[in-house]
Ligand SMILES: Cc1cc2nc3c(=O)[nH]c(=O)nc-3n(C[C@H](O)[C@H](O)[C@H](O)COP(=O)(O)OP(=O)(O)OC[C@H]3O[C@@H](n4cnc5c(N)ncnc54)[C@H](O)[C@@H]3O)c2cc1C
């Protein structure tokens, strides 16, 4: 693996860092407190080509390599990982299925404005009774002439209130489990589709989340993504890029925890000296430094493998996602400990990092799922 970055990659990283410091850092605490999506900043990012990721330029994307996108997402997430999500969704959870399985018309109509940052979109997989067990979904689709009638519900869906469209999934033959699932793209104004946002979430507060409800929702055949029964493959086509994005976002917040903790440990005086002089505080800083380096190593390696054209990097994507998010939880807990009582105040950002860290351990596959997947790959029980 080549550890050096190209001049292009470094210039994308620099531009993202400058943007995040100037446009995001001064505002994030306020919009996080208000649970408000910073749509003005997201639109600016789109105009600067920071949302197009690895989507090809002919579909409105930035045509970046995976490493550039990873560095960009980490820099944005150093200050706001919700905007890091917006920068990674067109290449991952929301856009990847359309890129790989969509028709030319679907790519032009839905993917292109998303990759340009002109609209936002979501992906509806999780249901009230099936999160980790995706094939256990209960939302159903029945063919009726030139359309399908969809009934059911998705929950915890990101970008809910400002998403213009959602790629979502329904079961056409429950007995066939994952082989019975079909994917569709639903414009927000589809009759029979409604949303119910959740408020006062633990973390990820600027990202709107909630329920996507299908009530005799009629969707034309041309909105089917891929063939009938191909929905699980459509969903899985997004997982590696999605997990790469989550890992890069986690690296951004680990770095934030480290930088804030170092600053505070140098300034906070207890027993007549800065707390950074105490070895038990130093030990936490050491764990943060090593945790960041290791999480980055796994994340950058995944990006590098994808840039080498690796067709599948499932095990590596699980390793990066699990390690980076579990490390984030530990690092955010240690940062809160270093800040003592002040970690409870939103005067310092560590309270936000701590609340967000927990959520990272279950989005895009829980830590338990990834722990199982890595072992199954190693034991030869899994080949996809
Ligand atoms: C802020 C936020 C945003 C989200 N955004 C989206 C989105 O945009 N789209 C979307 O589709 N979903 C989204 N989700 C949902 C998320 O992907 C799910 O929470 C996740 O997949 C886990 O599903 P679950 O919560 O139903 O947990 P469950 O599947 O019910 O699992 C509960 C617990 O059991 C454990 N468990 C399950 N199976 C096993 C097993 N075989 N062995 C050991 N342990 C096991 C899990 O690890 C977990 O600890 C979001 C969630 C949040 C909180």
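General remarks:
- Extension gain, residue 151-residue 344: 0.36 nm per intervening residue step, less the Cα-Cα distance, totals 65.2 nm.
- Considering only 193, 72, 111, the mean-square fluctuation computed in a Gaussian network model of the chain, springs between alpha carbons under 10 angstrom, is largest for 193.
- Taking only Cα atoms of segment 120-229, radius of gyration then Dmax in Å: 13.4, 44
- Each part reduced to its alpha carbon centroid, segment 98-138 and segment 199-245 end up 5 Å apart.
- Ordering of 331-337, 246-252, 44-50 by burial proxy (mean other Cβ atoms within 10 Å per residue, highest first): 246-252, 331-337, 44-50
- Eigen-decomposition of the gyration tensor built on the alpha-carbon atoms of segment 7-115 gives equivalent ellipsoid semi-axes of 24, 17, 10 angstrom, largest listed first.
- Rounded to the nearest 10 degrees, the angle from helix 367-378 to the longest Cα principal axis of the chain is 80 degrees.
- Largest first, the three principal axis extents of the alpha carbons in segment 71-122 are 36, 19, 17 Å in whole numbers.
- Relative to the longest principal axis of the Cα atoms of the chain, the long axis of helix 7-19 lies at roughly 80 degrees.
- If you take the Cα centroid of segment 297-325 and the Cα centroid of segment 144-163, the two points sit 30 Å apart.
- Restricting the calculation to Cα atoms, every distinct pair contributes to the Kirkwood radius of the chain, found to be 21.2 Å.
- Against the empirical curve 2.2 N^0.38 Å, the C-alpha radius of gyration of segment 251-331 lands at a ratio of 1.38.
- Within segment 236-378, the ratio Rg/Rh, alpha carbon atoms throughout and Rh by Kirkwood, equals 1.05.
- Counting only alpha carbon atoms, the long axis of helix 279-307 and the longest principal axis of the chain meet at about 30°.
- The stretch between residue 162 and residue 175, if pulled fully straight at 0.36 nm per residue, gains 1.2 nm over its current Cα-Cα span.
- Comparing 73, 221, 195 in a Gaussian network model of the chain, where Cα atoms under 10 Å apart are tied by springs, the biggest mean-square fluctuation is seen for 221.
- Top of 131, 95, 272 by mean-square fluctuation, Gaussian network on the chain, Cα under 10 Å: 272
Since every read-out is calculated from the coordinates, none of them should be taken as a lab result. Just so it is clear, the model here is predicted, and its values are computed rather than measured. Quick reminder, even Gly has a Cβ in these numbers, built from the backbone with ideal geometry, and neighbours come from all protein chains shown.
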